[in-house]
Amino acid sequence: MILGLILAGGRSTRFGTDKALARLGGRTLLEIAYERLQAVCSEVAVSAPASGPAAAAAESLGALVLPDPFAAPRGPLSGVLAGLEWAQSRRAEILVTLPCDAPLLPADLESRLLAATESAVAAAARTPDGLQPLCAAWRVAMVRSLRSALADGLHPAAHQLLADAGAVEVVFDDAAAFLNVNTPDDLAEAERRWSKAAT
């Protein structure tokens, strides 16, 4: 079984409001990521603070909301750990993670990541701009090493943790497809590309 996790726990300080609720093409960024993962995953959860607007939006979609594990350091890997623990409890084999703020991802992203995990404990996307460690597929066995890496209360670099685990890097040539919507200007650029792709 394959489960999906949307990482929506960031503070959105540069965006000004919760970017998971920003709209693109008539849908929120959260909805775009949710629909992507629904197409390949048996269940989809959202990593977000339990009392925040992203959690409320996730619940309205019917998605489970996963807060970070107790005493975990702030950062996306704590969300991944919560997702892996959930996947383990559901007896799933693989967890696919996507950030909520990357709405233009390649159509074949999930299928290529999943294919790569056939021979590795994890797989992450790499573009000419570098590793995209949150666009990844994780075997549930990674829960042990991730729990250990976060046990001291420090948040390691995600790319380093993946490298130490022997994760496979799946190369995508179009770095623009991995645009992160961190600011209103980024959203405007995403809207321009979205509209161009739709014509």
_Let me confirm something: among Leu84, Leu146, which residue is at pLDDT 95 or above, more than 22 Å from Asn182 (Cβ to Cβ) and part of a helix (DSSP H, G or I)?_
Leu84
_Given the options Ala54, Ala120, Ala116, Ala102, name the one that is among the small types (Gly, Ala, Ser) and either under 24 Å from Leu154 (Cα atoms) or in contact with an Asp or Glu (Cβ under 6 Å, 6 or more places away or on another chain) (or both)._
Ala54
*asked:* Condition first: within 28 Å of Ala198 (Cα to Cα), free of Cβ contacts under 8 Å to residues at least 12 places away in the same chain and surrounded by fewer than 22 Cβ atoms within 10 Å (Cβ to Cβ). Can you find one or more residues in the range 82-94 that meet it?
replied: no
_Scan of the range 178-199 for residues that are within 20 Å of the chain's Cα centre (by Cα) and among the polar types (S, T, N, Q), ordered by number_ = Asn180, Asn182, Thr183
*Output the residues belonging to the range 63-81 that are touching an Asp or Glu at 6+ places or on another chain (Cβ under 8 Å) and either within 25 Å of Ala175 (Cα to Cα) or outside any strand (DSSP E or B) (or both).*
Pro69, Arg74, Ser78, Gly79, Leu81
_Scan the range 157-175 and tell me whether some residue there is touching an Asp or Glu at 6+ places or on another chain (Cβ under 7 Å), in a helix (DSSP H, G or I) and in contact (Cβ under 8 Å) with a residue 40 or more places away in the chain._
yes
*Kindly provide the set of residues from the range 101-125 that are modelled with pLDDT of 95 or more, of a type outside the set (Gly, Ala, Ser), within 18 Å of Ala176 (Cβ to Cβ) and surrounded by 19 or more Cβ atoms within 10 Å (Cβ to Cβ), ordered by number.*
Pro103, Leu105, Leu109
*Keeping to the range 43-81, report how many residues are modelled with pLDDT of 95 or more and either more than 16 Å from the chain's Cα centre (by Cα) or among the charged types (D, E, K, R) (or both).*
1
*Please state which one of Leu98, Leu3 is within 17 Å of the chain's Cα centre (by Cα), within 21 Å of Thr183 (Cα to Cα) and assigned to a strand (DSSP E or B).*
Leu98
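Test Ala198 against the criterion of being within 28 Å of Asp18 (Cα to Cα), surrounded by fewer than 19 Cβ atoms within 10 Å (Cβ to Cβ), touching an Asp or Glu at 6+ places or on another chain (Cβ under 6 Å) and of a type in the set (Gly, Ala, Ser), and give yes or no.
Answer is no for this residue.
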*Do you know which residues across the range 127-148 are of a type outside the set (Ser, Thr, Tyr), surrounded by fewer than 19 Cβ atoms within 10 Å (Cβ to Cβ) and more than 12 Å from Ile94 (Cα to Cα)?*
Pro128, Asp129, Gly130, Arg144, Arg147
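The values are calculated or read from the model by the stated rules, or taken from the named source; none is laboratory data. Small disclaimer: the values here were computed from a predicted structure and weren't measured. Backbone-built Cβ (ideal geometry, glycine too); neighbour counts: all protein chains shown.
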